[in-house]
Amino acid sequence: MSNHKLGILVGGGPAPGINGVISAATIEAINLGWEVIGIMDGFKHLARGTDIQTMPLTIDEVSRIHFRGGSILRTSRENPTKDPGKMQNVINSLSILGINRLITIGGEDTIFSSSMVEKEMQGKIHVAHVPKTIDNDLPLPNNLSTFGYQTARHFGVEIVMNLMEDAFTTNRWYFVIAMGRKAGHLALGIGKAAGATLTIIGEEFTSKNISIGQISDILEGAIIKRRAMGKDQGVAILAEGLVERFDPKELEGLEDAERDEYGHIRLSEVDLGKIIKDEVKKRLEKRGIKITIVDKNIGYELRCASPIPFDAEYTRNLGHGAIKFLTEGKTGAVISMPGGVLIPIYFKDLMDPKTGRTAVRYVDIKTEAYEVARAYMIRLNKQDFSNPEQLKLLAKTAKTTPEEFKKQFESAI
């Protein structure tokens, strides 16, 4: 029998497939003779150093949980690295529990916390991290998706397809805000697969800051173009990360926005869909165009969905891979399996040397994949302005002159 005691914990937001990792890792570890315990609520209780909550994990308890969404160990966003006292509590708690092998499951914040635990323990605990996020923004090799993304996209597409049918039936527009704190992978993946009218992501803008006016120009232009085609409906997907690119000064006039102790607006609390909807409706009403626009946020509906077969299989590979990595006496790496081959990415190789944080993987707008996405969107493009007849039709629909239309919208392509 081995004297290894494995702890498993989950940090950050939920993602479909967490239970698959827990299941695979637990079964493989027990078959090796290891004791396995689940640590509840991520680093939350460990960081507080009191009332440490754990549950023993057995094969019988985990053998079928890979079908389930959510996390049997729950999760939290507790970040012990912000407080030396909390980090010391984590070290002490893990020592009290007798854990010498640790698997963490989470995104960039949990990766950083795991790397700090591994560093502080100085070899007393070997750590493997399994990356997860529906945002798909971790820099895995070969453009490998993070687990949970494919399932989130799958169910996101189902929601958007229903909204597209509703838009057609009722002659209205939907502005759908898709999760994605930094990158636009989920928004673009949903929009492209569903065939939404258009998708807007932060990566398509070259300037550091994006204005509400820029986003509104794109959407207003798309609505006018659709009307010129004889259609009064559509679905636009917007990545929620767009709001982080807004100039904070532009949002100061929002009376109902939540603010911090210094009076600054909390960008994460800005209702992007409502802001853009209200602006576009106001613009269209000035043109004498009456249209119904509904804003809709999607993301929380996707995070705890039951994993599709892709993620069910993928997470089994990752859970087994984490144990294999640890049995080889290794530590301090993110587990990745491009092409089904275990390739650990060591923490030191994943962190940005300037920031000490995990680099963000953004949508590469120079690829053919993005080119295809744009080719099938209905939004203003260069041909709309180079073709005099098309420009005249668009201007007539917008109830303005071709010159004025070009002046306002040419920069929105």
Label point distance in nm, Gln390-Tyr300, each placed 7 Å from Cα along Cα→Cβ: 4.2 nm
Protein accessible area in the range 79-128, 1.4 Å probe - carbon and sulfur %: 47 percent
Heavy-atom accessible area order for Phe155, Phe147, Phe310, largest first, 1.4 Å probe: Phe310, Phe155, Phe147
Whether the range 142-263 is rounded, prolate or oblate, judged on the alpha carbon gyration tensor where a/c under 1.5 counts as rounded: oblate
Sequence-distant residues sharing a close amide H with Val294 (under 5 Å, placed H): Trp173, Tyr174, Phe175
Sequence-separation-based contact order of the chain, relative, with Cα cut under 8 Å and 6+ spacing, percent: 21 percent
Gain on full stretching of the segment that runs from Ala375 to Glu250 - 0.36 nm per residue minus C-alpha separation: 41.9 nm
Where Asp109, Asp41 fall by accessible area, highest first, once all protein chains stay in place (1.4 Å): Asp109, Asp41
Principal axis box of the chain, alpha-carbon based, largest edge first, Å: 81, 46, 35
Net lengthening on full extension, Leu97/Lys382 (0.36 nm per residue, minus Cα-Cα): 96.3 nm
Base-10 log of normalised Debye intensity for the range 14-80 (one unit scatterer per alpha-carbon) at q = 0.15, 0.25 Å⁻¹: -0.49, -1.08
Rounded to the nearest 10 Å², the accessible area of Arg227 at probe 1.4 Å: 70 Å²
Where Ser95, Ser63, Ser216 fall by accessible area, highest first, once all protein chains stay in place (1.4 Å): Ser95, Ser63, Ser216
Folded to 0 to 90 degrees: helix 108-121 orientation relative to the chain principal axis, Cα: 20 degrees
Helical contribution to [θ] at 222 nm, DSSP H n ≥ 4, -39,500 (n - 2.57), averaged over the chain, rounded to 500: -12500 deg cm²/dmol
Theoretical FRET efficiency, 1/(1+(r/R0)^6), r = Cβ-Cβ of Asp60 and Glu328, R0 35 Å, to 0.05: 0.80
Cα-Cα P(r), the range 1-131, percent of pairs per 10 Å interval: 14, 49, 32, 5
Heavy atoms of Arg303 accessible to a 1.4 Å probe, total area in Å² rounded to 10: 50 Å²
Rg(Cα) / (2.2 N^0.38 Å) computed for the range 118-211, rounded to two decimals: 1.44
Spacing of the two label points (7 Å from each Cα toward its C-beta) at Lys290 and Leu342, in nm: 6.6 nm
Pair-distance profile P(r), taking every C-alpha pair of the range 365-412, with 10 angstrom steps and integer %: 26, 46, 21, 7
Ratio Rg/Rh [Cα only; Rh per Kirkwood] for the range 273-413: 1.18
With every protein chain in place, the range 302-413: carbon and sulfur % of accessible area (1.4 Å): 55 percent
Between 0 and 90°, nearest 10: helix 272-286 axis offset from the chain longest Cα axis: 0 degrees
Computed label-point distance, nm, for sites Phe67 and Asn3 using a 7 Å Cα→Cβ extension: 4.1 nm
Highest-MSF residue in the chain out of Ala228, Ala333, Ala178 [GNM, Cα springs under 10 Å]: Ala228
Using alpha-carbon coordinates, inclination of helix 185-194 to the longest axis of the chain, degrees: 60 degrees
Per residue accessible area of the chain, 1.4 Å probe, in Å²: 46 Å²
Segment Asn171-Lys366, length gained on full extension (0.36 nm per residue, minus Cα span): 66.8 nm
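The values are calculated or read from the model by the stated rules, or taken from the named source; none is laboratory data. From a predicted model like this one, the values you see are computed outputs, not experimental measurements. Quick reminder, even Gly has a Cβ in these numbers, built from the backbone with ideal geometry, and neighbours come from all protein chains shown. Remember, those area values only see protein heavy atoms, side chains included, never the ligands or the DNA or RNA. Shrake-Rupley method; radii C 1.70, N 1.55, O 1.52, S 1.80 Å.
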